[in-house]
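One structure is given below, encoded as structure tokens.
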Amino acid sequence: MSKERPGSKERLGSKERLGSKEPRARRLGASEVQRLPRDRSGKLNGITPPTTSPSSHLFFRWGEAQKDLAEQNERTLEQIGSQGELQDEEQEPPELLCEIPVAQNHVLRMLRQPPLGSSFSDWGPSVAVCDQVIENHRSWLRAGCRVLELGCGIGLPSLVCAALGARVVATDLPSNIEDMEQNSAANGWPQAVWRVVGGGSEGIPVTKERGGKIEKERLSQDALVEELELRKELNLMRYRRLTGVGPKEGWVQLVRPYGNRPLLVKTELRPPAQRSHAGAFGRGTIIVVPLRWEAQEALNLMRRLDDLESAALELSGNERALKPVKARREEKLIPNQVIRPDGFPSLADIVLCSDCVCEPAYGESWEELVETIESVMSPDGIAIISLRRRSYDGIERFVQRLARNLRYERYRHRKSEDAGIDLICATWPGKREQFEDSVDSPRCSTQCFNTAVLEAYKLDKFCALARFDRMGLLNILKKMKKDEREARILMLGLDNAGKTTILKTLSQEDISHIMPTQGFNIKSLVQDGFKLNVWDIGGQKTIRPYWSNYFESSDALVYVIDSSDRRRLEESGQELRELLAEDKLGGIPLLVFANKQDLLQATPADEIAAALDLASISDRTWTIQACSAKDGSGLEDGMQWLIGVINEKA
Ligand SMILES: Nc1nc2c(ncn2[C@@H]2O[C@H](COP(=O)(O)OP(=O)(O)OP(=O)(O)O)[C@@H](O)[C@H]2O)c(=O)[nH]1
Ligand SMILES: [Mg+2]
């Protein structure tokens, strides 16, 4: 099985780019390779990087558990062999990989159809992950939880989870994604899906044979179909219907012969998962998507999936299919524990990752791997990670990084009869657990605590925020010992006012791709030897109720107004008045930024001051500063003023 295949070194290179982001995730440089220990003949000593997969097709079949297994296996293998879908004459016979009891009297048989000459043989890490997830989280899978596999390769864990009912997102680098796409398609999770967009209310015409007679029944508008054969030059496609109504299979035209209007368009939508009931088994979904290990990108992916899933549910008219799971999970999360405004994506309940840490092959890409896991793992989710031990593998450093924010259990995987695999199950720490400990502990300096918080909270990661219940967060803020020359600045204002842009401009970061803030951003700005920890909180209406969580221990309030938006001036003034009436913000200096002054229609700062009746504020020092976050004007002046008044107060 494990013949080394020519060219497998090149293939290694493609997985090595997992999470590639200069300079960390990279192949070792020539000089570093030279420094690695070698034997007398000059060969690298003891380094055995993972063999990444050449194509391998995985199938699964349901079977009856009570039947004679040997006989059953033989029959299943024969069935696969006779399908002839993916094999030619010379191909190796299919091979039974594993059997998993999944429901009453049912086993799932995972089979592999190796393409000619394929050498992939290191199943241990994937099997270890499957084992763990099935043993401990089968009910989650069957309830349709969301699973994200990172670096999926040929995707054994993804297929197993989807077969049990989970909504799976299998990800790998763009260059590695083909194997998984083929495996998904071979198992009935089509990846080439089209949606009927033409034909009006009657739908589009279908023929049974190519060029044959038009059927009576049409393919309904919005139906999702799987592409079986595409003949673009003939403007024809053979399809299998996945949702909607109409003939199950047939030929359709892609665009209307006159006028060129499309009748079908390719889509990322997938038919919704069917949840399973006790004793039965469901059928999940698999979406295969390229993903580099990068926190924000992964979070964006989650958001996109939410949209796709709800669109698919709507189209299938089966909106209730997933609601019960969601409702139950959210009920558990909401009461005063976590802050997840509407519009925040549902994160991954289970994150899977097999054999993706090996420094000789992938460099330090584990750093991005951990960041990605942190950004997508739901507050009560779990990450299951298998690690094949190799020389100089970097696994200890990976685990140390993981432990910075996550709690984990680690053990040797014995079931795979392979002593060289570690399994890690990581979760967010329980309420307060980790961070309060670290604040109280003499071993941990404030400095270290600050870094941990900043690490966890960079970007707009609500999943990280969700780790604290309210009290937890407030206690932490109270306990943070403040340096005399350090101040905590709270920056608020309506959505779209320009808060995040101001923060980024002040810290000289790129402002061309700013998204509405879903959680908050913290930045430490150093000015005149003074450190300003600025908290920029999202201003959308759904997030405003959470502003009060951040009032504690603030030294100043910066309130940002979009001067170009006269219509919302009243709303902005109302929010400001409410803030000024808050006890916890009592007496602290107020800086109002009249932002977007670079726009022609901007209202001048003095008019805004008059409209907001700032002159009536008598319980604190305040000022209004005209500024533009776009060109930076006025920002420094505002901050100078702020430092001046905070210093005076101190
Ligand atoms: N012309 C101009 N546009 C600006 C200025 N400041 C911000 N913008 C734009 O206003 C939009 C909103 O900016 P953000 O910084 O995201 O606003 P925000 O207050 O952080 O919004 P939320 O995160 O939703 O609370 C972006 O498109 C910015 O490019 C400015 O000074 N001039
Ligand atoms: Mg913002």
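Over 18 Å between Cα atoms, which of LYS541/LYS584; LYS499/LYS584; LYS216/LYS248 qualify? The answer is LYS541/LYS584; LYS499/LYS584. A simple count of charges around SER628, restricted to other residues whose Cβ falls under 15 Å of its Cβ and scoring Lys, Arg +1 and Asp, Glu -1, yields -2.
For ASN496, nonlocal amide neighbours, meaning residues 5 or more places apart or on other chains whose placed amide H falls under 5 Å from its own, are GLY539. With the convex hull constructed from alpha-carbon coordinates only, segment 193-267 shows a mean projected area of 4.3 nm² over all directions.
Couplings 3J(HN,Hα) for segment 193-202, derived from phi with the Karplus relation 6.51 cos²θ - 1.76 cosθ + 1.60 (θ = phi - 60°), are 10, 10, 10, 6, 10, x, x, x, 6, 7 Hz, where x marks Gly and Pro. For segment 228-275, the set of chymotrypsin sites (Phe, Trp or Tyr not before Pro) satisfying both a DSSP loop assignment and a count of at most 13 other C-beta atoms within 10 Å is given as TYR258. Proximity of backbone amide H atoms, modeled 1.01 Å from N, is registered between PHE593 and TYR559, VAL560, ILE561, GLN625 at under 5 Å, excluding neighbours fewer than 5 places apart on the same chain. Neighbour counting of Cβ atoms within 10 Å sorts the residues ILE617, ILE373, ILE214, fewest neighbours leading, into ILE214, ILE617, ILE373.
What's the exposure ranking of VAL357, VAL168, going from fewest to most Cβ atoms within 10 Å? Provide the component values of the computation, followed by the final result.
Details: VAL357 29, VAL168 33.
Final ranking by Cβ density, sparse to dense: VAL357, VAL168.
Need the C-alpha centroid separation for segment 199-266 versus segment 366-398, integer Å. Centre-to-centre distance over Cα atoms comes out at 45 Å.
Near ASP355, the amide H atoms lying under 5 Å from its own belong to SER386, LEU387, ARG388; only residues 5 or more places off or on other chains count, and H is placed 1.01 Å from N.
Among ASP122, ASP355, ASP637, rank each residue by its count of other Cβ atoms within 10 Å, from fewest to most, as a rough exposure measure.
ASP637, ASP122, ASP355
Projecting the alpha carbon convex hull of segment 147-303 along each direction and taking the average yields 11.3 nm². Whole-Hz Karplus values for segment 584-591 come out as 5, 9, x, x, 7, x, 10, 10 Hz, taken residue by residue from phi with 6.51 cos²θ - 1.76 cosθ + 1.60 and θ = phi - 60°; glycine and proline positions read x. Once the Kirkwood radius over Cα pairs is known for segment 482-649, the Stokes-Einstein relation at 25 °C and 0.890 mPa s delivers a diffusion coefficient of 155 µm²/s. With θ taken as phi - 60° and the Karplus curve 6.51 cos²θ - 1.76 cosθ + 1.60 applied, the whole-hertz 3J(HN,Hα) list for segment 596-612 is 6, 5, 6, 8, 4, 7, 5, 7, x, 4, 5, 5, 5, 4, 5, 4, 8 Hz, x standing for glycine and proline.
Coordinate-derived values only; no laboratory data. What you see is a predicted model, and the numbers here were worked out from it, not measured in a lab. As a convention, Cβ positions derive from the backbone with ideal geometry for all residues, glycine included, and neighbour counts pool all protein chains shown.
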